[in-house]
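First up is the structure itself, then whatever we jot down about it.
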Amino acid sequence: MLNYISKRLLALIPVIIISAIIAFFITNIMPGDPVRLMVGDFATEKQVAEMRTKLGLDRPIYERFGGWLGNVAKGDLGESLFLHEPVTKAIFDRLEPTLLLAVVGMFFGIVIGIPLGIIAAMKHRTIFDQLAISTSLIGMTIPSFFIAIILILVFGVNLQWFPVAGYEPYSKAGFGVIRFLVMPGFAIGLMQSALIARMTRSAMLDVLGQDYIRTARAKGLSEFKVILPHAFKNSLNPIVTVIGFSLATLLGGTWIIETVFNIPGVGALAIKAILNRDYPLIQGSLIFTVVIYLLVNLLVDISYSFINPYIKYK
Amino acid sequence: MEKAGYPAKILAVTAAFRNIRRHLFIIIGLAILLLIVVCAIIAPFVYELGPLEIAIQNRLQGPSSTNVMGTDEFGRDIFSRTCYGVRVSLEIGIIVTLLTTIFGGLLGLVSGYYRLVDAIVSRIIDGLMAFPEIILAITIAAVWGSGEFNIIIALTFAYFPKMTRVVRASVLSLKPLEYIESGRAIGAGNFQIIFRYILVGCISPIIVQATFCFASAILAEAALSFLGVGIMEPQPSLGGMVSSGRKFMSIAPWIVIFPGGVIMMVVLGLSILGDGLRDLFDPKLKS
């Protein structure tokens, strides 16, 4: 197992390097002059040249890239142009709300998606099935920022159940932090719930057709025992896979939702960095997102052997 | 067997529904899209208010006979702006889907067929797919500057890797089949094998992936415009309208509900169509 994990971790390195190359070139090969955009229209030629030297942009691109990649390998993502602090520090300072938001979002995704999928599979080819599938389809088609706005309007402004925006860290608000995360979490979790429901349904349908389910029914087990310990447990693998994949959408969603709800997380930081053209910070946020995504998917792969002991890794 | 216990009526309705469901999905999807497209195309000719006409005295008016969907904070007509926004969304969606299909599809065909190319292309695709699509799109659109052309480039960049993966996977499954070998036996060259033998077999996954790409591109364009890195004011876009309407939504909810609802309807139509097409093409579901 350890052998497998270390092999997989090693295999992540080339992917991360390629992603880093992509992150670097997206921000460096672009039409227009970034320095001009940064210093504004009224800057003199001298100021532009000074800024260019300060950022090291007067060096050839391959040289800059080499230096940058070397620093990234050492865990140094450079210094933010706008915040004047190291990019790694800026990201880690804003990690708490983003991670909590992702957890709450995933919670909604799972809590809505799995039961919906199980019901659809149990009542396969009935109106209930169609209803569950149609509901999940609608969940997949509403833009997350639109749900967010509707939630703010209904539960924030009109009913005043939750704060309309903002965030208080755990150290200050304790478990009260949840109040700030319910609406944004639901907004990004809804789409995941739709994906999870669909996968749960199809995985359950595969399993429910198996002989051992018929055996379980023939033994006279209650429907509950047939569905949960027999069927659901055996259809967990594809469900866990889709949960891992949907994390990508969820991480992407945090960029938008944190901005809507004014939550000071990594996503809002990244959007601010983009609007301020803070290149080191943009590159840093991109690499951070990729690493988190790849690590979670590695965890998903490892979890297979816990879910299904037949799967052994060498 | 497991249906025992349901009233006969429900079973009968369900069975009837199942028989036409496959085509029904396609019909419903197309109907929703057609309705929206026709509205968006015809509206400017029959509806007298333009999307950019400012009438401050009419600001934040609710839906009425003159302003079907009400007016925004500058008194501009929301229906007219929504129609225009739909056109922009569809235009971007169609071009992105075409580019993604052509570019991603070609890359998938070639990398599935030639192992050496695959070794390089697949690594790059791995690297690109490690980024959440929307994040890639936001970053490219923002860094390269907003505007329709850059959004199209950004979204194509974000969505082509998935198409490449899908096509590559079908090529790999088709390559060892006998009809490819028989083609080679009668003297077909690589070019002919790829485009006349393999491409035909990949058409259905390509079509299905393209409809999903279309829907995702429209959602993503809305998100980009919402965040202020897509289509810029005063040019109307559905995402941008929701974003600028946010400040007034507690006194004038229609300002966000109509454009937001229309995005949802467009994407819903496309997703239903995609589902219907997938059911139609998937041999496993045909039984």
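The values are calculated or read from the model by the stated rules, or taken from the named source; none is laboratory data. All of these numbers come straight from a predicted model, not from anything done at the bench. Please note: Cβ atoms are built from the backbone with ideal geometry, for glycine as well, and neighbour counts cover all protein chains shown.
Annotations
- Where a residue in the stretch A:14-28 is facing chain B (nearest Cβ under 7 Å) and its partner, wherever it lies, is aliphatic (A, V, I, L, M) and assigned to a helix (DSSP H, G or I), with Cβ under 6 Å and at least six apart: A:19/A:290; A:26/B:140; A:27/A:282; A:27/B:143
- Within the stretch A:37-55, none of the residues are in contact with a Ser or Thr (Cβ under 6 Å, 6 or more places away or on another chain) and more than 14 Å from chain B (Cβ to nearest Cβ).
- Identity of the residue in the stretch A:265-298, under 13 Å from residue A:72 (Cα atoms) and of a type in the set (A, V, I, L, M, F, W, C), that ends up nearest to the other protein chains (Cβ to nearest Cβ): A:286
- Extreme residue, nearest to the other protein chains (Cβ to nearest Cβ), among residues of the stretch A:194-213 that are among the polar types (S, T, N, Q) and surrounded by fewer than 21 Cβ atoms within 10 Å (Cβ to Cβ): A:202
- Test: residue A:182 is surrounded by fewer than 19 Cβ atoms within 10 Å (Cβ to Cβ), modelled with pLDDT of 90 or more and in contact with a Phe, Trp or Tyr (Cβ under 8 Å, 6 or more places away or on another chain): yes
- Among the candidates A:213, A:257, residue that is part of a helix (DSSP H, G or I), at pLDDT 90 or above, of a type in the set (Val, Ile, Thr) and not assigned by TED's automatic domain parsing to the domain that holds residue A:51: A:257
- Qualifying residue in the stretch A:214-235 (condition: within 30 Å of residue A:93 (Cα to Cα) and within 14 Å of chain B (Cβ to nearest Cβ)): no
- Residue list for the stretch B:147-192, filter: in contact (Cβ under 8 Å) with a residue 40 or more places away in the chain and surrounded by fewer than 18 Cβ atoms within 10 Å (Cβ to Cβ): B:147, B:148, B:169, B:172, B:175, B:190
- Residue within the stretch A:152-162 that is under 19 Å from residue A:190 (Cα atoms), more than 11 Å from every other protein chain (Cβ to nearest Cβ) and part of a helix (DSSP H, G or I) present: yes
- Only one entry in A:127, A:119 is of a type in the set (Val, Ile, Thr), in contact with a Phe, Trp or Tyr (Cβ under 9 Å, 6 or more places away or on another chain), away from chain B (no Cβ under 13 Å) and free of Cβ contacts under 8 Å to residues at least 24 places away in the same chain, namely A:119.
- Spans of helices (runs of 4 or more DSSP H) in the stretch B:226-286 with at least 1 residues under 26 Å from residue B:148 (Cβ atoms) and among the polar types (S, T, N, Q): B:238-245, B:254-281
- Restricting the stretch A:105-116 to residues that are in contact with a helix residue (DSSP H, G or I) (Cβ under 6 Å, 6 or more places away or on another chain) and either of a type outside the set (Phe, Trp, Tyr) or over 29 Å from residue A:256 (Cβ atoms) (or both), the residue that is farthest from the other protein chains (Cβ to nearest Cβ): A:114
- For first residues located in the stretch A:64-77 and assigned to a helix (DSSP H, G or I), partners that are among the aliphatic types (A, V, I, L, M) and lie 6+ apart or on another chain with Cβ distances below 6 Å form the pairs A:72/A:20.
- Taken together, the residues in the stretch A:35-55 that are part of a helix (DSSP H, G or I) and either among the small types (Gly, Ala, Ser) or touching a strand residue (DSSP E or B) at 6+ places or on another chain (Cβ under 8 Å) (or both) amount to 1.
- Test for residue A:233: is it modelled with pLDDT under 90, within 30 Å of residue A:132 (Cβ to Cβ) and out of contact with any Cys (no Cβ under 9 Å at 6 or more places or on another chain): yes
- Note on the stretch A:137-151: residues that are facing another protein chain (nearest Cβ under 10 Å) and under 20 Å from residue B:275 (Cα atoms) amount to 6.
- Positions within the stretch A:145-164 being in contact (Cβ under 8 Å) with a residue 12 or more places away in the chain and in contact with a Pro (Cβ under 9 Å, 6 or more places away or on another chain), in sequence order: A:148, A:151, A:156
- Subset of the stretch B:132-157 that is within 18 Å of residue A:257 (Cα to Cα) and more than 19 Å from the chain's Cα centre (by Cα) - its residue that is nearest to the other protein chains (Cβ to nearest Cβ): B:142
- Complete set of residues in the stretch B:230-249 that are more than 7 Å from chain A (Cβ to nearest Cβ) and of a type in the set (A, V, I, L, M): B:231, B:232, B:238, B:241
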